[in-house]
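Data block below; observations after.
The values are calculated or read from the model by the stated rules, or taken from the named source; none is laboratory data. Every value quoted in this text rests on a predicted model; they were computed, and no experiment measured them. Neighbour counts are summed over all protein chains in view; Cβ atoms, including those assigned to glycine, are modelled from backbone coordinates with ideal geometry. These area figures cover heavy atoms from the full protein model, side chains too; ligands, DNA and RNA do not enter into them. Shrake-Rupley method; radii C 1.70, N 1.55, O 1.52, S 1.80 Å.
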Amino acid sequence: MKRRNFLQKSAQTGALLTLGSLLPNTMLGMPFTNTDKDLFFKLSLAEWSFHRAIKSGEMDHLDFAAKAQSFGCTGVEYVSNLFKTKAKDKEYLKQMNSRAADAGVENVLIMIGGEGGLAHTETKERLKSIEKHYKWVDAAHYLGCKTIRVDLRGGTDKTEAAKASAASLATLADFAKDANINVVVENHGGFSSDGVWLANVIKQVDLTNCGTLPDFGNFCIEKDKDKNCLESYDLYKGMKELLPFAKGVSAKSRNFAANGTEADIDFYKIMKLVKESGYTGFVGIEYEGTLLPEEEGVQKTKDLLLKVAKQL
């Protein structure tokens with residue numbers, strides 16, 4: 001479908017979504033507590049927090065919006081791999097819009113994975129990857145999202161990967177601008193977990209709809225075959241370097257101490273950096289641990305975010 005026709009057909013759906021999100025929660029027939037009202041940021045839930053439940057069939061992807069609402073989140077962050085065959089299925093996307101409107105939550109972004117290497121130095125391979133991302137830009141627009149998150153994978157030489165990444169992001173962001181979609185990069189392993197490297201790539205792109213999605217816990221540059229981290233980047237330094245370009249923030253958690261703090265990440269220190277940067281957008285809860293049930297991990301992450309927010 002040509003972009004002009006796509007934009008015309010999706011406008012009506014977008015209007016319905018906006019109307020649904022503006023309705024009082026009592027009119028939507030669901031109890032709702034707006035956790036955001038006393039915070040300097042808005043609270044969203046990353047779908048990856050429930051990837052085990054969704055992949056196992058215990059939870060349906062379409063129920064994710066209601067799940068986010070049950071935790072008092074006002075935004076939802078989808079993961080492409082959890083509905084990867086539905087990017088062009090407008091009837092399915094329409095159901096997602098309806099579920100979000102019913103829950104009174106905002107569709108915030110789609111985290112995209114498995115679509116090739118945007119940092120690949122071979123132009124042919126890189127262009128294939130860029131083209132695979134286009135359908136997710138269209139899906140994000142249809143859902144009323146403002147952002148897609150991409151990974152910068154495929155590079156082997158740091159300098160060449162930076163050039164290739166900047167070229168890919170510029171092309172993708174230029175395509176996405178007509179749909180008013182941001183293209184953001186998460187620190188997600190490899191060169192992208194080097195704060196200086198990623199910040200410089202974003203500076204090279206120099207487009208208003210291209211930025212970062214700083215993640216609290218993804219600063220491992222190299223892992224061994226058992227996924228043990230061999231080389232890591234200072235996460236507080238990295239967050240500070242990426243926050244000036246942030247169009248989203250991911251509050252990653254894995255393990256918790258007995259007192260409710262994250263075992264390896266100082267949430268207070270990071271959220272202080274977030275506040276000092278002037279960022280006031282969505283902070284997404286993303287529980288990635290395996291020691292706790294997903295529900296409990298999400299709740300502990302939320303509780304910790306609210307606790308540190310009150311201290312700031």
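Here is a yes/no grid of residues against (1) buried (at least 22 other Cβ atoms within 10 Å of the Cβ); (2) modelled with pLDDT under 50; (3) in contact with a strand residue (DSSP E or B) (Cβ under 9 Å, 6 or more places away or on another chain); (4) over 24 Å from Ser253 (Cβ atoms):
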| position | (1), (2), (3), (4) |
| --- | --- |
| Gly20 | no, yes, no, yes |
| Leu43 | yes, no, yes, no |
| His61 | no, no, yes, no |
| Ala66 | no, no, no, no |
| Gly75 | yes, no, yes, no |
| Lys86 | no, no, no, yes |
| Val108 | yes, no, yes, no |
So, first residue open to solvent by less than 20 Å² (accessible area, probe 1.4 Å) in the stretch 135-150, second residue basic (Lys, Arg), Cβ within less than 6 Å, six or more apart or across chains; the pairs are Thr147/Lys247
The condition from (1) open to solvent by 80 Å² or more (accessible area, probe 1.4 Å); (2) within 28 Å of Ala65 (Cβ to Cβ) that Ser253 misses is numbered (1)
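Can you tell me which residue within the stretch 256-312, out of those that are in a loop (DSSP other than H, G, I, E, B) and among the hydrophobic types (A, V, I, L, M, F, W, C), is nearest to Asp215 (Cα to Cα)? Full working, then the answer.
Of the stretch 256-312, the ones in a loop (DSSP other than H, G, I, E, B) are 257-261, 263-266, 277-281, 288-293, 312.
Now restrict to residues that are among the hydrophobic types (A, V, I, L, M, F, W, C): 257-258, 263, 265, 291-292, 312.
Values: Ala257: 20, Ala258: 23, Ala263: 16, Ile265: 11, Leu291: 20, Leu292: 20, Leu312: 20 Å.
Applying the filter and picking the extreme gives Ile265.
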Scanning for something in contact with a Gly (Cβ under 9 Å, 6 or more places away or on another chain), of a type outside the set (S, T, N, Q) and assigned to a loop (DSSP other than H, G, I, E, B), does the stretch 122-143 turn up at least one residue? yes
